[in-house]
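Below you'll find the structure, written out as structure tokens, and then a few comments.
The values are calculated or read from the model by the stated rules, or taken from the named source; none is laboratory data. Just so you know, these numbers come straight off a predicted model, no measurement behind them. Cβ placement follows ideal geometry from the backbone for every residue including glycine, while neighbour counts extend to all protein chains displayed. Accessible surface is based on the protein model in full, side chains and every heavy atom, while ligands, DNA and RNA are left aside. Shrake-Rupley method; radii C 1.70, N 1.55, O 1.52, S 1.80 Å.
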Amino acid sequence: MTNALIEVKNLKKTFRTRGGELVALQNINLRIMPGEVVAVIGSSGSGKSTLLRCMNLLITPTEGQVYFDGELIFNSEAPVDIDIDSVRKNIGMVFQAFNLFMHLTVKNNIHLALKQVLNLPDEEIQDRIKDVLETVNLSDKLNSYPGELSGGQQQRVAIARVLAMRPKLIFFDEPTSALDPELTGEVLEVMKRLVTEYQYTLVVVSHEIPFAREVANRVVFMDEAEILYEGGPDTLVNPPNERLKKFLSKILSTR
Amino acid sequence: MESTSKYSAIRPSKSNFGWWILSFLLFLCGIGFIYEFSVNKLGWTFFGFENFGLQLPLFSGERAYYFDIVMIVINFVFWVLSVFNPVLAIIDIISPFSLQFSPIFISGDKWVIIIRALADAAIITLQISLSSIAIGFFIAMFLAIVLVRPGRVWGLKIFSQAYIDFFRSTPLLVQLFIIFFGIPPMIQGLAIPGFERFTFTYIQAAIIGLSLNTAAYQAEIIRGGILAIPTGQTEAARALGLTTTQTMRFVILPQALRIIIPPFTNEGINIILNSSLASSISTWELTRAARNMSAFYYLAFEIFLAAAMFYFVMAYSLARLTKKFEIRYRIPGLGIHHD
Ligand SMILES: Nc1ncnc2c1ncn2[C@@H]1O[C@H](COP(=O)(O)OP(=O)(O)OP(=O)(O)O)[C@@H](O)[C@H]1O
Ligand SMILES: [Mg+2]
């Protein structure tokens, strides 16, 4: 049996807020296998972003274990002797708000981690920058600053920045929800190519139901901090039970 | 199993922070040593500067003292900043001649003497304030980074906070008095061999006082700049695998330093103007020179006005200069849109 790329066990995350403890995640058990494309769907505030951030330990879970590629990288019961940065370079993450480095050109946005984290030789870095910018169709924007690009272009640069690291899997946290419908298409197009041409493993938080249906192998429904249901992509069109049906129509109507 | 981990925590870059500081200090000491050696042993002088009035026992006696290192570092910084001398000397030479023909002030030899003296003193003011800004900036960077680091950094956080609280909550004038009148007798009292007659020169005391003071304000300015950077930038950097130190160095600081240019300019101007307080510890700088000459020539209004103009030129030039930086290093997409 092959290892799951990411596995979380009994994950729980609570935030301390002014109103007291807020449970953002609980009873989460999830395995992401190599080559899988997992869509995560749920209403606003259900904990989807928190789940992604817990899986690459951008935030520290309150309880539970996280495994990466078969190795324990987090355990709430005992500290794990791990260099989290060397794990994270294998997990790409694309954010809702793009989060490009505003003071760096497109080229240097990609360059930074290749140089500082992977420590690649210069020719290889140049090759990779050229490659990934071709993949996202932005070769002409090499020397532009993020502030000079459209939202869709910025998000594609963010994807390129992640691709250049050649990660083992990529998280997408609502990559198109900050974009106009016309710009959404170009980003989804790139994401589709990642799956069809490059066989990347993806975890995508998205409300783009047609996209999820077409590309995902598996759909995870989240509601009120828990995983409500896991199923194939066809559950999106034929919800197996009434509860899921209601849930889906609720999400789609609030969008 | 654990020993074969691909993601082992053993990685030298994790302790970057301490190494940076240590190597920087060693670097300063090294250059300071070379400088000391050439001045004291070989008898060289740099730009007309001698040994800043310090008699260092390092090469005169057999023993090397721990405290020497500190003094050598301070001396070195003075030396580095003395590169401004030639430029300032040119201003010095030009100014009396061009002002000589000014119809308002110049009426014979008296004004040549006054303006020349004021220009000389202005150069000292400029040296004091620029050195203080520069030295203060290094200290401030250290304090600010210590304070914004997540987790605890030995006892450094408490120290940094206490430092800032002390220097921001006491008057600069009192701080200068403590340094100039208070510290040397204390060091003399310690009876360390070679330091029985330890004093600061006027300029040293002024620079030490002003840089310690401005460091506290600058640290808060830098910290404010760092806190203004959206969390998303850190998240993106960390998600790519950059360490906290790398994130600080390549992502946060470059952006924060651009944001803080306006408040930083304020602080720079403050220091240029507040360096006039050093006149109270008898440092010969612009205000002191103006006071002495106005007492001698009975021309208070004209002389203080002239001094004010010198201050104005220095402060205003700094403001213009940083405005240039501001425009040049503007980050597209931040702030109000300019076409
Ligand atoms: N840093 C934080 N501090 C306090 N509460 C937080 C924090 N981050 C998230 N939360 C809370 O945790 C819950 C889950 O948030 P999360 O961002 O994961 O939701 P989401 O499913 O991604 O929602 P959306 O679809 O709107 O992005 C929310 O109730 C949110 O208010
Ligand atoms: Mg979210």
*On a 0 to 90° scale, report how tilted helix A:181-196 is relative to the longest principal axis of chain A, with both axes built from alpha carbons and the result rounded to the nearest 10.*
90 degrees
*Before anything else, pin down the relative contact order of the stretch B:112-328: Cα pairs under 8 Å, at least 6 apart, normalised by residue count, whole percent.*
31 percent
_Total accessible area lost when A and B pair, probe 1.4 Å, Å² to nearest 100_ = 2700 Å²
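Please compute, for peptide B:324-331, the average count of beta-carbon atoms on other protein chains lying within 10 Å of each residue's beta-carbon.
Numbers: counts 0, 0, 0, 0, 0, 1, 3, 7.
Mean partner-chain Cβ count within 10 Å for B:324-331: 1.
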*asked:* Before I look further, what does the stretch A:53-197 give for accessible area per residue, probe 1.4 Å, in whole square angstrom?
replied: 38 Å²
*asked:* At a 10 angstrom cut-off on C-beta neighbours, averaged per residue, how do the peptides A:19-32, B:276-289 rank from highest to lowest?
replied: B:276-289, A:19-32
_Using only Cα atoms and rounding to the nearest 10 degrees, what angle (0 to 90) does helix A:242-254 make with the longest principal axis of chain A?_
40 degrees
_Antiparallel DSSP beta bridges within chain A, percent to nearest 5_ = 55 percent
*With every protein chain present, what accessible area does A:Thr62 have (1.4 Å probe, heavy atoms only), rounded to the nearest 10 Å²?*
60 Å²
*So how do B:185-198, A:147-160 stack up, highest first, on mean other-Cβ count within 10 Å?*
A:147-160, B:185-198
*Sum up the charges of everything whose Cβ sits under 12 Å from the Cβ of A:Met222, counting Lys and Arg as +1 and Asp and Glu as -1, but leave A:Met222 out.*
-3
*asked:* With a 1.4 Å probe and all protein chains left in place, how much accessible area per residue does the stretch B:112-328 have, in Å²?
replied: 46 Å²
*Lys and Arg at +1, Asp and Glu at -1: add these up for the other residues within a Cβ distance under 12 Å of A:Gly35 and post the number.*
+1
*Search the structure for amide H atoms under 5 Å from the amide H of A:Asp223, placed 1.01 Å from N in the peptide plane, and list their residues when 5 or more places away or on another chain.*
A:Leu228
*With labels modelled as points extended 7 Å from the Cα through the Cβ direction, what inter-label distance (nm, one decimal) is found for A:Arg31 paired with B:Tyr329?*
5.2 nm
*Return the carbon/sulfur percentage of the accessible area of the stretch A:38-111, one whole number, probe 1.4 Å, all protein chains in place.*
46 percent
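Computed over the Cα atoms, what is the radius of gyration of chain A divided by 2.2 N^0.38 Å, N being its residue count? Before the final figure, lay out the partial values.
Working: Rg = 18.3 Å, N = 255, 2.2 N^0.38 = 18.1 Å.
Ratio of Rg to 2.2 N^0.38 Å for chain A: 1.02.
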_Peptide A:101-107 - average C-beta neighbours from other chains (10 Å radius)_ = 6
_Cβ-defined net charge surrounding B:Phe180, 14 Å radius [Lys, Arg +1; Asp, Glu -1]_ = 0
*How much accessible surface does B:Ser169 have with a 1.4 Å probe, in Å² rounded to 10?*
90 Å²
*Segments B:239-246, B:319-326 sorted - mean Cβ within 10 Å per residue, highest first*: B:239-246, B:319-326
